[in-house]
Amino acid sequence: AKDDGRNTHRVFTPAMRENATERIMLISKLRSALANDEFELNFQPQIDLASGRIVGAEALLRWNQPELGRVPPGRFIPLAEESGLIIDIGAWVIEQAIATAAAWRSRGLGDIVMAINISALQFRHGNLARDITNALTRARLPGTNLEVELTESTLIDDTDRLEETIALLKRRDVKLAIDDFGTGYSGLTYLRRFAVDRLKVDQSFVRDIDQGDSAALVTAVIQMAHSLGLTVIAEGVETQTQSDQLLGLRCDQAQGYRFGRPMTAAAFESLLIDQAHA
Ligand code: C2E
Ligand code: CA
Ligand code: CA
Ligand code: CA
């Protein structure tokens, strides 16, 4: 409603002002974070449910800010997107994750697929395909050892640029996974159009998998994915019961605290060494 009365200043409550100040403060600290080497990647294991073996790693960004401590990605990623800083930060993630995967591979630690999270903005600006293919070439990592995770909302943003980028990555055999599957828009035609390889079932469904509706949904997703030749990974698997249920539903892979929290590259490498000797 139109209202030019006195109460219009209620638009800015003290809480919101504080929030805006805090955002500006965080963005300004984010600007120097790359140069100051404040970022680190952690890696979380992805497990093949049938064999129990580690088959992949998801790279998850961590920001160690000297004054603020660890700022969670849920807090700084949106600001990095808003400010455009995600382009440079994302390029750093790509470089680091690929170099790490190449190091594991060259040490004979198995055929691990490294999964990286890509924001919609990275498809729209910068040169994502070039950044990724150059990093693969430099590290001599085959594209099959890399997976990009994007959300349904990224695919909705249906531009020629997006289609071209995905085509270039596919030509290098890079895999494509849909993150948080089931939470977004779910037209399904894009699964074929973009030759999606894998669905990551969102942790909200895994959390409630002992309840009828979620179980039915996960069952349907797995059946549909398999009939289209896609694999399915369940996220946020915290208990043995969830893991057993997912295996019973023929879910291919799982990721979650039950199998390992996000950890440093060195810790992940020790897991791979143990596995290679097992
Ligand atoms: P996501 O891609 O859905 O990542 C999964 C999140 O679930 C991670 O949170 C992970 O630590 C957490 N998680 C893993 N297993 C469990 C579990 O068993 N239980 C529960 N409750 N949580 C679990 P994290 O690391 O805080 O990352 C949050 C989000 O930040 C990610 O969600 C992703 O959207 C974004 N993000 C992280 N790293 C990057 C990055 O390098 N680039 C971009 N663009 N986004 C990133
Ligand atoms: Ca992800
Ligand atoms: Ca997810
Ligand atoms: Ca998410």
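Of note:
- Among the residues examined, Thr137 does not qualify as in a helix (DSSP H, G or I), within 19 Å of the chain's Cα centre (by Cα) and of a type in the set (Val, Ile, Thr).
Residues checked against (1) touching an Asp or Glu at 6+ places or on another chain (Cβ under 7 Å); (2) over 17 Å from Gly143 (Cβ atoms); (3) open to solvent by less than 40 Å² (accessible area, probe 1.4 Å):
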{"position": "Ala102", "(1), (2), (3)": "no, no, yes"}
{"position": "Arg107", "(1), (2), (3)": "no, yes, no"}
{"position": "Ile112", "(1), (2), (3)": "no, no, yes"}
{"position": "Ile118", "(1), (2), (3)": "yes, no, yes"}
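- The one condition from (1) under 27 Å from Asp111 (Cβ atoms); (2) touching a residue at least 24 places away in the same chain (Cβ under 8 Å) that Asp244 does not meet is (2).
- From the list Gly229, Gly260, the lone residue that is open to solvent by less than 30 Å² (accessible area, probe 1.4 Å), closer than 26 Å to Met114 by Cβ and at pLDDT 95 or above is Gly260.
- Annotation: of all residues in segment 166-192 being β-branched (Val, Ile, Thr) and closer than 19 Å to Asp202 by Cα, the one that is modelled with the lowest pLDDT is Thr183.
- Residue satisfying condition, being open to solvent by 30 Å² or more (accessible area, probe 1.4 Å) and farther than 26 Å from Gly260 by Cα, within set Leu217, Leu188: Leu188
- Residues that are of a type in the set (Asp, Glu) and open to solvent by less than 40 Å² (accessible area, probe 1.4 Å), drawn from segment 49-81: Glu58
- In segment 87-110, the residues that are closer than 11 Å to Glu269 by Cα reach residues that are part of a helix (DSSP H, G or I) and within 16 Å of ligand 1 (Cβ to nearest atom) with C-beta atoms within less than 7 angstrom, at least six apart or across chains, in these pairs: Thr100/Ala265.
- For segment 28-87, the set of residues classified as part of a loop (DSSP other than H, G, I, E, B) and within 15 Å of the chain's Cα centre (by Cα) consists of Pro72 only.
- Here is the figure for segment 121-136: residues that are surrounded by fewer than 19 Cβ atoms within 10 Å (Cβ to Cβ) and modelled with pLDDT under 95 total 4.
- Members of segment 189-204 that are more than 18 Å from Asn145 (Cα to Cα) and either among the polar types (S, T, N, Q) or more than 15 Å from ligand 4 (Cβ to nearest atom) (or both): Thr189, Tyr190, Leu191, Arg192, Arg193, Phe194, Gln203, Ser204
- Helices (runs of 4 or more DSSP H) lying entirely in segment 191-278 (those with 3 or more residues that are among the β-branched types (Val, Ile, Thr)): 212-227
The values are calculated or read from the model by the stated rules, or taken from the named source; none is laboratory data. Treat the numbers as computed from the prediction; the structure is a model and nothing was measured. Please note: Cβ atoms are built from the backbone with ideal geometry, for glycine as well, and neighbour counts cover all protein chains shown. The area values use the complete protein model at the heavy-atom level, side chains included, leaving out ligands, DNA and RNA. Shrake-Rupley method; radii C 1.70, N 1.55, O 1.52, S 1.80 Å.
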